[in-house]
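Worksheet for the structure shown next.
The values are calculated or read from the model by the stated rules, or taken from the named source; none is laboratory data. What you are looking at is a predicted structure, and each value in this text was computed from that prediction instead of being measured. Note that each Cβ is placed from the backbone with ideal geometry, even for glycine, and that neighbours are counted across all protein chains shown. For the accessible areas, the whole protein counts, side chains as well, though only heavy atoms, and no ligand, DNA or RNA atoms are used. Shrake-Rupley method; radii C 1.70, N 1.55, O 1.52, S 1.80 Å.
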Amino acid sequence: CGGSISNSSGMLQSPFYPGSYPNNADCVWEIQVENNFRVRLTFRDIAMQSGRCQYDYVEVYDGPLHSSLLLGRLCSGSFPTYTSSSNMMTVRFHSDSRYTFRGFQAHYSSIPADHNTSLLCLPEYMHAVVSRDYLQSQGYSAEMVTLNDSHCTPTVTSHEVIFNIPYNGCGTIREENNDTINYSNMIKVTSSGHIISRKKNIHLHISCKMLHNTWMQIMYVAEDTIDVNENQFGRYDVNITFYDSSSFLRQVHDSPYYIDLNQNLYLQAYLHSSDPNLIVFVDTCVASPDPHDFNTLAYDIIRNGCARDSSYTTYYSPYSHFARFKFNAFEFISRHTSVYLQCELVVCRFGDYSSRCYRGCINRFKRDTSSAEEKVKVDIGPLQLR
């Protein structure tokens with residue numbers, strides 16, 4: 001019932017299909033395919049409580065569930081096809097406590113997007129590409145393409161014009177509201193040097209949005225009154241590294257990392273981003289002998305910002321993009337040949353004292369999601385007893 005899907009194609013169906021689905025189900029599938037591809041979803045069967053689709057229904061969203069356009073809600077009748085405007089689509093199945101039916105089955109696949117323009121929101125910069133064939137078809141050359149800040153020049157290849165635009169430079173505008181941080185810029189294509197212009201100027205508006213659980217990448221081309229939208233979704237990039245002492249000068253590159261019982265382990269989490277106005281916070285770290293299961297046999301070191309192991313300590317960090325901490329090689333490791341760590345980190349706006357990063361130890365059900373933040377899971381290991 002629900003989950004994250006990253007395959008290029010596959011099948012979705014209600015629980016127990018073609019048998020009767022259960023009452024009070026609420027399943028959410030997030031389908032995310034490769035960058036610069038689209039998701040196409042086709043329903044092959046649907047049988048639920050009909051009418052106005054108030055009680056049992058399937059909803060299709062053009063991106064994340066809470067911030068995207070609803071493409072359709074259905075419960076019976078025709079078998080429509082939906083295509084996303086980005087590389088992400090969300091499907092939600094809901095049933096109430098009364099009648100139950102066969103449910104639905106749908107097939108999804110990924111289809112190539114328009115290749116005139118493309119955008120990637122990378123950790124350090126926005127990577128925007130404009131096809132030279134597209135420019136030529138509009139009567140322009142690569143020399144006519146500039147960024148809003150003309151000092152930041154592109155790389156021109158035989159097929160493409162490429163801009164790598166930092167989040168804190170080249171005229172990038174940073175805007176905030178309750179649940180997003182938005183970075184935007186504009187690429188201009190103009191026939192300069194002519195008093196009378198017979199061509200339309202092309203403006204490519206670029207936007208990278210940080211939502212609660214994902215980066216949203218938007219690029220649209222405005223040709224007078226024609227808008228062509230391009231959306232992509234990605235993730236923040238955070239890594240965790242072991243160090244050999246509390247001075248955090250020498251990294252440990254060994255894998256596996258052989259340690260002694262009761263040895264102190266020093267770790268540093270690092271957020272890759274060119275935006276200095278972000279901060280990273282260690283929310284949860286769990287140890288397990290199974291790198292694929294951090295629930296069954298697990299040992300909590302810190303959970304929801306609350307230290308569960310008495311040896312857990314945080315250290316001052318000179319930069320907001322770093323979070324430093326240590327704990328002891330606990331008794332847990334003596335009972336297993338290898339131990340892995342999974343840490344959940346939160347990225348927030350620097351100085352936003354209402355955000356998760358500044359609230360320390362807190363119960364999950366009290367968490368306030370009004371501030372812009374992003375959760376990232378990082379797996380590291382194995383640790384082995386020397």
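Calculated accessible area for the stretch 4-59 comes out at 50 Å² per residue, all protein chains present (probe 1.4 Å; ligands, DNA, RNA ignored).
As a fraction of the 1.4 Å probe accessible area of the stretch 237-385, surface on carbon and sulfur atoms comes out at 47 percent.
For the set Lys326, Lys188, Lys377, the ranking by accessible area, highest first and with no ligand, DNA or RNA atoms included, is Lys377, Lys188, Lys326 under a 1.4 Å probe.
Roll a 1.4 angstrom probe over the protein heavy atoms and tell me the percent of accessible area of the stretch 2-112 that is carbon or sulfur. For the stretch 2-112, the apolar C and S fraction of the accessible surface comes to 47 percent. Putting +1 on Lys and Arg Cβ atoms and -1 on Asp and Glu Cβ atoms, find which of Ser245, Ser310, Asn262 reaches farthest to the positive end of the dipole of the stretch 237-385. Going by the Cα projections, it comes out as Ser310. Computed from point charges on the beta carbon alone (+1 for Lys and Arg, -1 for Asp and Glu), the dipole magnitude for the stretch 237-385 about its Cα centre is near 420 Debye.
Taking all protein chains together and rolling a 1.4 Å probe, Thr42 ends up with roughly 50 Å² accessible. The trypsin sites (Lys or Arg not before Pro) of the stretch 234-310 that DSSP puts in a loop, and whose beta carbon has at most 15 other beta carbons within 10 Å, are Arg235, Arg250, Arg308.
What number comes out for accessible area per residue over the stretch 265-342 if the probe is 1.4 Å? Units Å², please.
I get 43 Å² per residue for this part.
Spacing of the modelled spin labels on Asp45 and Asn168, each 7 Å from Cα toward Cβ, amounts to 5.6 nm. Ranking Ile302, Ile279 by solvent-accessible area of protein heavy atoms (1.4 Å probe, all protein chains present), from largest to smallest, gives Ile279, Ile302. For the set Cys306, Cys208, the ranking by accessible area, highest first and with no ligand, DNA or RNA atoms included, is Cys306, Cys208 under a 1.4 Å probe. For Cys357, the accessible surface of its heavy atoms amounts to roughly 10 Å² (probe 1.4 Å, protein chains only, rounded to the nearest 10). Mean sequence separation of contacting Cα pairs (under 8 Å, at least six apart), scaled by the length of the stretch 246-355, corresponds to a relative contact order of 35 percent.
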